[in-house]
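Below: the structure, in structure tokens.
The values are calculated or read from the model by the stated rules, or taken from the named source; none is laboratory data. Model, not experiment: these values are computed from the prediction. Cβ sites come from the backbone with ideal geometry, for glycine too, and all protein chains shown count toward neighbours. Just the protein is used for accessible areas: all its heavy atoms, side chains included, with ligands, DNA and RNA removed. Shrake-Rupley method; radii C 1.70, N 1.55, O 1.52, S 1.80 Å.
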Amino acid sequence: MQIVYSPAHEKHQPKTFIRRGAVVANPEVAARAATLLAAVRDAGHAIVAPDDFGPGPREAVHGKAYLDFLATIHDGWQRLAGAAEEVIPNIHPGRHMSRRPVGLAGLVGYHTADTACPIGAGTWEAAVASAHVATHAASLVLGGARAAYGLCRPPGHHAYADMAGGFCFLNNTAIAAQRLRGKHARVAVLDVDVHHGNGTQGIFYERPDVLFVSLHADPSDYYPFFVGYADERGAGAGLGANLNLPLAPGSGDREVLVALDTALAAIAEFAPDALVVSLGFDASEHDPLGVLKVTSAGFAAMARRIAGAGLPTVLIQEGGYMSAVLGRNLAEFIAAFETR
């Protein structure tokens with residue numbers, strides 16, 4: 001399988017993460033990508049650099065005001081008196097406020113869902129490169145590859161069309177899906193990250209041409225908390241094109257595979273021309289942020305089932321944080337996918 005990778009992700013070096021009120025080291029570190037890259041390289045996969053596709057793919061998913069914000073906010077922030085090195089919000093609109101302000105402090109709150117996406121000097125460049133990785137992987141599949149893997153960092157599935165969140169800035173999965181839509185009438189997105197792909201759901205929620213299916217930990221006491229429930233089925237023309245399969249904390253291989261079978265049945269009924277997988281390994285039993293208990297063998301079993309759908313498939317890296325089995329989980333997933 002071709003692995004698309006850009007070292008530009010290293011320019012994004014987030015330092016701050018607020019967890020339960022405590023400021024701790026940010027777990028979305030460059031070593032994640034290095035670990036994943038080493039695993040696929042050691043397995044003998046071809047590593048390719050992404051082309052520069054220009055702004056078109058990201059503009060097809062994200063609004064101009066939001067993209068301009070991401071591109072310029074760090075420079076503007078540094079000119080504020082007393083500002084920190086990283087751009088981090090201290091206010092959000094909440095449920096009863098919706099006006100877009102002009103001041104930078106207000107704009108940061110308007111365009112970020114939480115404090116888990118600090119913006120540093122190299123964040124925009126890294127996010128753009130990550131979107132190019134996703135676009136290139138989708139282009140390989142459009143060109144005839146059975147599957148391709150985009151080693152995207154920063155990840156993307158929590159990013160809405162106009163809002164960053166949960167370590168994510170540009171929605172790589174949505175960008176890949178929209179790229180596929182340029183050729184295919186119907187595309188499915190399958191999100192297997194431990195966290196619900198709220199940004200991806202939001203982007204496609206009213207569209208009938210992209211099915212979004214997510215299996216994830218129950219959000220009633222887990223990020224993203226406010227979305228990801230089973231009764232969210234889409235809206236307007238997209239009603240019925242959204243399926244959430246929340247899992248109880250502690251669920252392991254058996255429960256996850258049952259949910260995956262349900263997801264794949266829904267995808268088969270939708271009859272898409274291509275599939276994008278938001279591939280998170282934070283459902284691992286060893287992940288420091290996860291609450292599910294998927295084993296390496298479980299990820300391999302998931303891969304075989306997904307490959308069995310027989311669809312041209314773009315794999316987009318989402319979560320999965322530093323543990324002794326992170327690289328192994330990816331290597332075994334791809335090996336199982338290819339041998340199906």
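Table for the structure above
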| quantity | calculated |
| --- | --- |
| Residue tally, condition under 18 Å from the mean Cα position of the chain (by Cα) and of a type in the set (S, T, N, Q), over the stretch 284-340 | 4 |
| Cβ pairs under 9 Å, 6+ apart, first in the stretch 308-322 and farther than 12 Å from residue 193 by Cβ, second modelled with pLDDT under 95 and open to solvent by 10 Å² or more (accessible area, probe 1.4 Å) | 308/340 |
| Residues (outside any loop (DSSP other than H, G, I, E, B) and touching a strand residue (DSSP E or B) at 6+ places or on another chain (Cβ under 6 Å)) located in the stretch 24-40 | 24, 40 |
| Residue match in the stretch 179-192 (condition: of a type in the set (Asp, Glu) and within 24 Å of residue 320 (Cβ to Cβ)) | yes |
| Complete set of residues in the stretch 182-202 that are open to solvent by 30 Å² or more (accessible area, probe 1.4 Å) and under 18 Å from residue 240 (Cβ atoms) | 185, 186, 202 |
| Residue count, the stretch 324-340 (criterion: under 13 Å from residue 298 (Cα atoms) and among the charged types (D, E, K, R)) | 2 |
| Long-range neighbours under 7 Å by Cβ, at least six apart or interchain, first residue more than 13 Å from residue 139 (Cα to Cα) and open to solvent by 40 Å² or more (accessible area, probe 1.4 Å) within the stretch 45-59, second modelled with pLDDT of 95 or more and in a strand (DSSP E or B) | 46/2; 46/3; 47/3 |
| Residue 14 being open to solvent by less than 50 Å² (accessible area, probe 1.4 Å), touching a residue at least 12 places away in the same chain (Cβ under 8 Å), more than 28 Å from residue 102 (Cβ to Cβ) and not in a strand (DSSP E or B) | no |
| Residue within the stretch 94-113 that is in contact with an Asp or Glu (Cβ under 9 Å, 6 or more places away or on another chain), farther than 14 Å from residue 8 by Cβ and touching a residue at least 60 places away in the same chain (Cβ under 8 Å) present | no |
| Among (1) surrounded by 18 or more Cβ atoms within 10 Å (Cβ to Cβ); (2) closer than 29 Å to residue 4 by Cα; (3) in contact (Cβ under 8 Å) with a residue 24 or more places away in the chain; (4) not basic (Lys, Arg), the one test that residue 67 misses | (3) |
| Cross-chain or 6+ apart pairs with Cβ under 6 Å, the stretch 219-238 first and on the phi > 0 side of the Ramachandran plot, then open to solvent by less than 30 Å² (accessible area, probe 1.4 Å) and hydrophobic (A, V, I, L, M, F, W, C) | 234/241 |
